[in-house]
1. Based on the mean of other beta carbon atoms within 10 Å per residue, what is the order of 113-126, 399-412, most packed first?
2. When the distances between all Cα atoms of segment 192-388 are binned every 5 Å from zero, what whole-number percent does each bin get?
3. Would you list, by chain and number, the lysines whose Cα falls below 18 Å from the Cα of Lys536, excluding same-chain residues fewer than 8 positions away?
4. What percent does the relative contact order of the chain come to when contacts are Cα pairs within less than 8 Å and at least six residues apart?
5. Give the separation of the Cα centroids, segment 312-344 to segment 384-412, in Å.
6. Please enumerate, by chain and number, the aspartates and glutamates with C-alpha under 15 Å from the C-alpha of Lys545, excluding those fewer than 8 residues away in the same chain.
7. Roughly how tilted is helix 244-254, in degrees to the nearest 10 and between 0 and 90, from the longest Cα axis of the chain?
8. What number comes out for the charge environment of Ser168, summing +1 per Lys or Arg and -1 per Asp or Glu over other residues with Cβ under 10 Å away?
Amino acid sequence: MSASQQKSSASTSPSGEHYDAIVVGAGFGGLAMLNRLRKQGMSVRVLEAGTGVGGTWYWNRYPGARCDVESMEYSFQFDEALQQEWEWPERYSPQPVILKYLNHVADRFDMRKDIQFNTRVKSAVFNENTNRWTVTTENGESLSATFCIMATGCLSAPNTPDFKGADSFKGEIYHTGKWPHEEVDFTGKRVGVIGTGSSAIQSIPIIAERAKHLTVFQRTPNYSVPAGNRPMDPELQKQIKADYAAFRERENQQQTAFGSRFESSNVEILKITKAERDAIFEKYWQIGGLLFLYASSDLLLNREANETAAEFIREKIRTIVKDPATAQLLCPDTVVGCKRLCADSGYFETFNRPNVKLVDVKSAPIEELTPKGLRTGNTEYELDCIVFATGFDAMTGSLLRMDIRGRKGLTLQQKWAEGPRTYLGLTTVGFPNMFIISGPGSPSVLTNMVPSIEQHVNWIGDTIKDLRERQLICIEPVAEAENAWVDHVNEVAGYTLFPTCNSWYLGANIPGKPRVFMPYLGFPAYTAKCNEVRAKGYEGFALSKG
Ligand code: NA7
């Protein structure tokens, strides 16, 4: 953070201070929410654990961190001047550019004066007598608010496996989701990366270029397609900006996964020949990125159709990776897209380097960290640095790591013991006036996050405005609506191939976490449903004067 930023940001709150709303988190969600509620004339305090804005893009500074949604789509639309003036240098933005953008947004709208950095929220407790939330921080402050809005992110509670001997390792340890602010120099070092998810797949090619030797510890291979990143096409940028509003509107209407500019090929992949299929897959492979999943409309519905795409990618891996045994180990046997598809820049090629070795830790799991490195079975790997690219306790982790208590002292941990339960992914019974941005039960991580965040922010903003106009101070979903919504979210997921593998969408990456498909697969109908609920006077909610 620059000196000027520090000067103009909020430091601490006088204990006991009351706000109309407290927003937890200053990433995309928190910044948009602050902007919206301030425009409604409300007093808002944003509490942020980091020393700066950015959320996911503040914490995930690992080498190669890059968004897998295209830059022209992965940005705010709430201000026309903002979207006109900002220039995106690449098709897919690297983390430093997105962080710079969010800092620009914070400065441009003078947001820092309402954001308190270095402030991790410890608890949020609803008081039924006052109808207020009391929020306490790890710094020992206590604030209150009428509304408590959780903008805590879907991928912000890092998962570090509890390996035996974790403290014994004498070298450097990193987690991709908590990367240091200073540059990490791997030059001449023996590095081990644990994990082969998106964070690993993005960082491995870069770490391999610098390290003396890199060992990749893989438990489950992942599907990855080339990102196809390149400098931004100035003509495309100009063309979109000429009518950004229409571009956004199309995206908002469709609420498609990963952006709006590409449509599914609409080809029934099983009704054409293998050569025709491969030509289509090749076309999408060349386009690059997650759009590969648009190659056919039924890839995530029909296992046989999916297998044709899976085999196409496996064939690519076998062609790229020269050592047949390594190539075989890198070939997944699961459903493509069931875990989030990865987009890489030279990942598989990296395994042709003489200084890179792939180790299968499914057949011989990591037993412990040792002073010199780590041990799997009878083999000890000597390392100078270990990088945990082991992911996140996704979607619920950041919420459940706080002590959130609603009516009658009910904790969110108790309420969600069998898995998250929400109405619309925005609210949960027993926790009045608490809203979750991109909560479980909303499309969130299956869509382009930024427009989905803004849709939530606008719905929450409109709802609070409506309540105030009607002189109501309390909103809470009713059990019947919540139960029906949870059933619906599960039912829709059940029609797809998503529940067939151990993904973080299902919480299956965290030992002991209930296996529930958390994001909602019902878009674009979701936005219409939220609008309809509002139009019907908040159907499924109880509203009261307190
Ligand atoms: P992911 O996708 O959850 O990947 C985590 C990786 O770490 C994955 O390969 C895991 O293997 C591996 N892992 C986790 N625990 C262990 C242990 N104990 N031993 C060995 N390997 C382990 O997280 P990312 O940060 O890469 O990406 C998260 C999202 O961020 C991504 O989907 C994008 O949306 C952006 P597993 O597959 O569980 O066998």
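The numbers here are math on the coordinates, done by the rules we state, and not lab data. Since the structure is predicted, the reported quantities are computational estimates derived from the model, not experimental observations. Note that we place each Cβ from the backbone using ideal geometry, even for glycine, and neighbour counts take in every protein chain shown.
1. Values: 113-126: 19.6, 399-412: 17.7.
Those peptides, ordered most packed to least, come out 113-126, 399-412.
2. P(r) over segment 192-388, rounded to whole percents: 1, 7, 14, 16, 16, 13, 11, 9, 6, 4, 2, 0, 0.
3. The qualifying lysines are Lys465.
4. 19
5. Each part reduced to its Cα centre gives a spacing of 31 Å.
6. Glu128, Asp466, Glu469, Glu476
7. 80
8. +1
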